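Please read the structure below before turning to the comments.
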Amino acid sequence: MRASSPPPAATRIVDRRKLHRRRLRLDGRWYTVVTLRPGTDARFSTNFFHGTWHVLSDWHGARLLGRLLWGLAYQRTPGTLILIDWPFLDPNPFDAEPADPIALVPAPLTALSNRAGRDLRRRLPLDGAADGTVRWHTHGLDRAVAQRRADRDRLVGAWRPPWIPPRGFQERMDRIGGLATLAAIPAVLKEYAAYVYTITDHAYRGMSYAEIDWPNGEVQVFRDYRNRVSAARVARREVLSELARPLPPNSLNPLIWQRATQVRHRRRRAVDASNKAQRRHTRQMNRAIQPRRH
């Protein structure tokens with residue numbers, strides 16, 4: 001049997017991943033802004049619901065996010081941050097409202113003010129050539145992930161929570177200058193890296209989540225994230241075309257949530273019907289090519 005070819009580099013979640021680096025002056029200070037390279041097969045979104053900022057993605061996105069957080073914990077250059085912006089942002093998978101760019105900030109190495117966040121958002125998308133390419137080192141994450149799984153799988157009562165006792169600033173999930181921002185000290189970034197990387201180990205009905213600076217933030221992932229985004233886009237378009245007059249978001253979005261569920265059900269029924277028709281066709285072809293008995 002021929003061995004399957006390895007996935008392209010853009011789809012592998014590995015150590016020493018290539019990222020782009022740009023030097024930008026924001027709010028009178030120089031920042032090193034690290035971004036995903038074109039062709040990276042990962043998508044994210046954000047929304048604010050029930051007082052909590054959500055970063056949304058799928059299984060692949062969770063593991064990539066874990067790698068980004070781990071490497072960020074070891075940065076030494078002041079002003080460094082990670083930015084996830086277009087084209088890696090989708091409208092959210094619930095009502096297709098636009099997502100905010102996502103900033104990951106290592107505190108206290110980097111201070112991101114509201115003005116700096118606004119300056120950065122105004123410059124998006126970051127067109128043109130990057131100032132350079134960096135290799136994102138995540139040595140040690142695999143060992144931390146294995147340890148977290150071992151700790152979690154112990155008998156109840158033997159598990160020791162990994163969180164660090166609070167001493168001064170630890171973390172903050174908030175919207176800063178139009179960016180959905182997670183700022184945390186290195187030790188917390190590493191804890192969240194292993195936490196987010198492993199949230200897909202135990203999912204319920206294709207969904208899992210990690211609480212980040214709870215109740216202020218959460219990473220939520222769906223196995224069918226991209227299908228949900230697509231269905232939400234269709235639902236928003238259909239609902240808006242049927243309205244006689246504009247509605248405020250608190251009235252419009254529940255209609256889109258309901259319609260998006262209907263769109264997903266329509267698609268599932270269409271796939272089931274197509275599969276059934278394909279199986280029927282295959283049975284007919286098999287009967288047709290069977291030799292006749294005399």
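The values are calculated or read from the model by the stated rules, or taken from the named source; none is laboratory data. In this text the structure is predicted, and so the values were computed from the model without any measurement. Cβ: placed from backbone, ideal geometry, glycine included. Neighbour counts: every protein chain shown. Note: accessible area is taken over every heavy atom of the protein model, side chains too, but ligands, DNA and RNA are not part of it. Shrake-Rupley method; radii C 1.70, N 1.55, O 1.52, S 1.80 Å.
Which of the residues spanning segment 155-176 are open to solvent by 100 Å² or more (accessible area, probe 1.4 Å) and either in contact with a Lys or Arg (Cβ under 8 Å, 6 or more places away or on another chain) or modelled with pLDDT of 60 or more (or both)?
Trp159, Arg167, Phe169, Arg172, Arg175
For residues in segment 200-209 being in contact (Cβ under 8 Å) with a residue 12 or more places away in the chain, out of contact with any helix residue (DSSP H, G or I) (no Cβ under 6 Å at 6 or more places or on another chain) and at negative phi, which is most open to solvent (accessible area, probe 1.4 Å)?
Among those that are in contact (Cβ under 8 Å) with a residue 12 or more places away in the chain, out of contact with any helix residue (DSSP H, G or I) (no Cβ under 6 Å at 6 or more places or on another chain) and at negative phi, it is Tyr209.
When you scan segment 228-237, do you find a residue that is open to solvent by less than 20 Å² (accessible area, probe 1.4 Å) and not aliphatic (A, V, I, L, M), even just one?
no
Looking at segment 93-122 only, could you name the residues that are open to solvent by less than 30 Å² (accessible area, probe 1.4 Å), part of a loop (DSSP other than H, G, I, E, B) and touching a helix residue (DSSP H, G or I) at 6+ places or on another chain (Cβ under 7 Å)?
Pro93, Asp95, Ala96, Pro101, listed by residue number.
Of all residues in segment 241-272, how many are open to solvent by 60 Å² or more (accessible area, probe 1.4 Å), without any contact (Cβ under 8 Å) to a residue 12 or more places away in the chain and over 22 Å from Arg205 (Cβ atoms)?
Count: 7.
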